[in-house]
Amino acid sequence: MASGVKPRVKVPKTASAGDIITIKTLISHKMESGQRKDSDGNKIPQSIINTFTCDFNGQNVINVELHGAISTNPYFQFEATVPESGDFTFTWNDDDGSVYTETKSIAVG
Amino acid sequence: MDFTRRDALILGAGAATVALLPVQAFASASDDAIAAFTGGAATSEGGIELTAPEIAENGNTVPVAVSAPGAVSVILLAAGNPNPDVCTFNFGPLSGSQSASTRIRLAGTQSVVAVAKMADGSFVQTSSVVKVTIGGCGG
């Protein structure tokens, strides 16, 4: 399942130095839990995003390990401290080896 | 065969025991997951807040938020799910607050457990019961 995966991230464009900002992320993904069965009664194998990481200028903000009980289109909201201008890097790792990334810049001024 | 009142009572007691067994199995699975996270250390109450709805109409997307000031990582568990693991938040040096929210799947009415590992190595735990109208694990 690597089709139609689209990350969406909401980060404020500007902030003051040392501000705490709220970040919202959502990625469209089926998150097949491994519990469902197809019409023949066979279990559909698990296919989920297993890790999500947010870094700012190389420093870690949050790292989340996901399991089958996270809903379709995993959504996360969290807070980050912004010491300076720079880039937020968001990384999602799929069970099938795919890596989805998204970058957002923020200006401190 | 004659069914005496005594036979019926014994049968009933046996059936009740069997019916209770899966519940205990689920509870111990989440206890195991907590033990794996804490390394067997005891957990205390307080210092962690879990926000979850009292009633969730759709078990496929239940919004939950967890906040634990001073925590390094927080694990979320759903005791009544086939697999109790939900997710683990690890807060890095630039996290603005030790809080996060997400949406989870719940198989049925159950308690959601959050355990936080504090910076000093202690563990705190809280839980919240969510009533689920339609389960979210497929059939």
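Taking the stretch A:66-99 as the range and being farther than 30 Å from B:Q110 by Cβ and crowded, with 18+ Cβ neighbours inside 10 Å as the test, the residues that pass are A:A80, A:T81, A:V82, A:F88, A:F90.
Conditions tested, residue by residue: (1) of a type in the set (V, I, T); (2) in contact (Cβ under 8 Å) with a residue 40 or more places away in the chain.
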| position | (1), (2) |
| --- | --- |
| A:I23 | yes, yes |
| A:Q35 | no, no |
| A:I44 | yes, no |
| A:F52 | no, yes |
| A:N57 | no, no |
| A:P74 | no, yes |
| A:T89 | yes, no |
| A:G97 | no, no |
| A:A107 | no, yes |
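Selection over the stretch A:70-101 of residues that are part of a strand (DSSP E or B) and under 9 Å from the mean Cα position of the chain (by Cα) gives a count of 8. In the stretch A:17-30, the condition of being facing chain B (nearest Cβ under 9 Å), of a type in the set (D, E), under 26 Å from B:A68 (Cα atoms) and buried (at least 18 other Cβ atoms within 10 Å of the Cβ) is met by no residue. The stretch A:18-69 holds strands (runs of 3 or more DSSP E) entirely within its bounds, and those carrying 1 or more residues that are basic (K, R) and over 18 Å from B:N83 (Cβ atoms) map to A:19-27. Tell me yes or no: at least one residue of the stretch B:131-139 is surrounded by fewer than 18 Cβ atoms within 10 Å (Cβ to Cβ), in contact with an Asp or Glu (Cβ under 6 Å, 6 or more places away or on another chain) and more than 10 Å from every other protein chain (Cβ to nearest Cβ). Scanning the stretch B:131-139, I find at least one residue that is surrounded by fewer than 18 Cβ atoms within 10 Å (Cβ to Cβ), in contact with an Asp or Glu (Cβ under 6 Å, 6 or more places away or on another chain) and more than 10 Å from every other protein chain (Cβ to nearest Cβ), so the answer is yes.
A quick yes/no check of all residues on (1) modelled with pLDDT of 95 or more; (2) at negative phi; (3) within 11 Å of another protein chain (Cβ to nearest Cβ):
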position	(1), (2), (3)
A:S47	no, yes, no
A:C54	yes, yes, yes
A:H67	no, yes, yes
A:T72	no, yes, yes
A:F76	yes, yes, yes
A:T81	no, yes, yes
A:F90	yes, yes, no
A:G97	no, no, no
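The values are calculated or read from the model by the stated rules, or taken from the named source; none is laboratory data. Remember, it's a predicted structure, so these values are computed and weren't measured experimentally. We place every Cβ from the backbone using ideal geometry, glycine too, and count neighbours over all the protein chains shown.
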